[in-house]
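Presented below is the structure to which this report refers.
The values are calculated or read from the model by the stated rules, or taken from the named source; none is laboratory data. Keep in mind the model is a prediction, meaning the values are calculated, not measured. Glycine also receives a Cβ, built like all others from the backbone with ideal geometry; neighbour counts cover every protein chain displayed.
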Amino acid sequence: MLSSQAHSPGQRLGLDDYSEDFGRHFWGSGSEGFWKLERQQSFQEPGVESWEAFRKGRWDEALALIEEQRGHYEEYLRRIAESGFALHRVRCVEEPIAPYLQWELHLLNLKAQCGEDTRVLSGDGILRYEAQHPLPEVVVLGSSVMYEVLYDDDGKLAGGIRFDDPRDISRWRKTIQEMHRAAEPLDDFFTRRIARLPPPTVTEE
């Protein structure tokens, strides 16, 4: 847990409060930008049409639905750029690649084509940062706020812990930036490791 490593205790937020708080601060990320560390290998995305198709084993439909989102993400990333900041993500990837992650990397690849700056950390790159603690899911918004993102046991978004201490925010932003520099560009990883994989095998719940 990030809270055990922070200078000051965070404020735990339920799902609705987290979503509202995040939305209120997101567009003020400023020149420091948005930095996200994504560690968990599988999530659930109920309500996302492409994920629902993937979960039901309809792989071609899932990929088509991702492609249909291109216009949306082009406009979204354009609006972000016009607001004076950028989205940066470090996506940790373990081997063997989980079915969910295979799906998500197709989505992230589309977002990268539209302007999101994503790099992949894998293998020893992950282990270097997990010598003492498992990496949390972290989002840093500029220099004013960051969150440890929380999920339930099924991998569904459950809320977050908000941190306001400038020392914690600066330390985690610098750590994620360091990971980002050491990681592999998403387009290279996608071409090398994901693009030619057969459809994942998914057991519908």
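Taking the numbered list (1) within 20 Å of Leu186 (Cα to Cα); (2) in contact (Cβ under 8 Å) with a residue 12 or more places away in the chain in turn, Asp124 passes all entries but (2).
Every residue, every condition in (1) modelled with pLDDT under 95; (2) of a type in the set (Asp, Glu); (3) surrounded by fewer than 16 Cβ atoms within 10 Å (Cβ to Cβ), yes or no:
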site	(1), (2), (3)
Pro46	no, no, yes
Ser50	no, no, no
Asp60	no, yes, yes
Gln69	no, no, no
Tyr73	no, no, no
Ala86	no, no, no
Glu116	no, yes, no
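Could you list, in sequence order, all residues of segment 128-159 that are under 17 Å from Met179 (Cα atoms) and of a type in the set (S, T, N, Q)? Scanning segment 128-159 gives a single hit, Gln132. Take segment 138-180 and flag every residue that is outside any strand (DSSP E or B), in contact (Cβ under 8 Å) with a residue 12 or more places away in the chain, over 24 Å from Gly125 (Cβ atoms) and touching a strand residue (DSSP E or B) at 6+ places or on another chain (Cβ under 8 Å). Those that are outside any strand (DSSP E or B), in contact (Cβ under 8 Å) with a residue 12 or more places away in the chain, over 24 Å from Gly125 (Cβ atoms) and touching a strand residue (DSSP E or B) at 6+ places or on another chain (Cβ under 8 Å): Gly142, Asp164.
Within segment 132-152, the presence of at least one residue that is at pLDDT 95 or above, surrounded by fewer than 14 Cβ atoms within 10 Å (Cβ to Cβ) and not aromatic (Phe, Trp, Tyr) is confirmed.
Where residues in segment 1-17 are part of a helix (DSSP H, G or I) and not charged (D, E, K, R), which of them is surrounded by the fewest Cβ atoms within 10 Å (Cβ to Cβ)? Steps first, answer last, please.
Step one: list which residues in segment 1-17 are part of a helix (DSSP H, G or I), which gives 2-4, 15-17.
Next, only the ones that are not charged (D, E, K, R) stay: 2-4, 15.
Working: Leu2: 20, Ser3: 15, Ser4: 8, Leu15: 14.
Within segment 1-17, the match that is surrounded by the fewest Cβ atoms within 10 Å (Cβ to Cβ) is Ser4.
Here the condition is being under 18 Å from the mean Cα position of the chain (by Cα), modelled with pLDDT of 95 or more, basic (Lys, Arg) and closer than 23 Å to Tyr76 by Cβ; of Arg173, Arg162, Arg181, it holds for Arg173 alone.
The rows are residues; the columns are (1) closer than 24 Å to Gln177 by Cβ; (2) of a type in the set (S, T, N, Q); (3) crowded, with 20+ Cβ neighbours inside 10 Å.
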position	(1), (2), (3)
Ser19	no, yes, no
Leu65	no, no, no
Arg89	yes, no, yes
Glu95	no, no, no
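Within segment 97-138, work out how many residues are among the aromatic types (Phe, Trp, Tyr) and touching a Pro at 6+ places or on another chain (Cβ under 9 Å). Going through segment 97-138 one residue at a time, the tally reaches 2. Count of segment 90-103 residues, restricted to those that are closer than 14 Å to Leu186 by Cβ and either without any contact (Cβ under 8 Å) to a residue 24 or more places away in the chain or in contact with a Leu (Cβ under 7 Å, 6 or more places away or on another chain) (or both), is 5. Name the residues in segment 160-205 that are within 22 Å of Arg12 (Cβ to Cβ) and charged (D, E, K, R), would you? Arg162, Asp164, Asp165, Arg167, Asp168, Arg171, Arg173, listed by residue number. Within segment 125-159, being of a type outside the set (Val, Ile, Thr), within 19 Å of Leu13 (Cβ to Cβ) and within 14 Å of the chain's Cα centre (by Cα) holds for Pro136, Glu137, Leu141, Met146, Tyr147, Glu148, Leu150, Tyr151, Gly155, Lys156, Leu157. Listed by first and then second residue, the pairs linking a residue in segment 55-70 that is among the hydrophobic types (A, V, I, L, M, F, W, C) to a residue that is surrounded by fewer than 16 Cβ atoms within 10 Å (Cβ to Cβ), with Cβ atoms under 6 Å apart and 6 or more places separating them unless they lie on different chains, are Trp59/Pro199; Leu65/Glu49.
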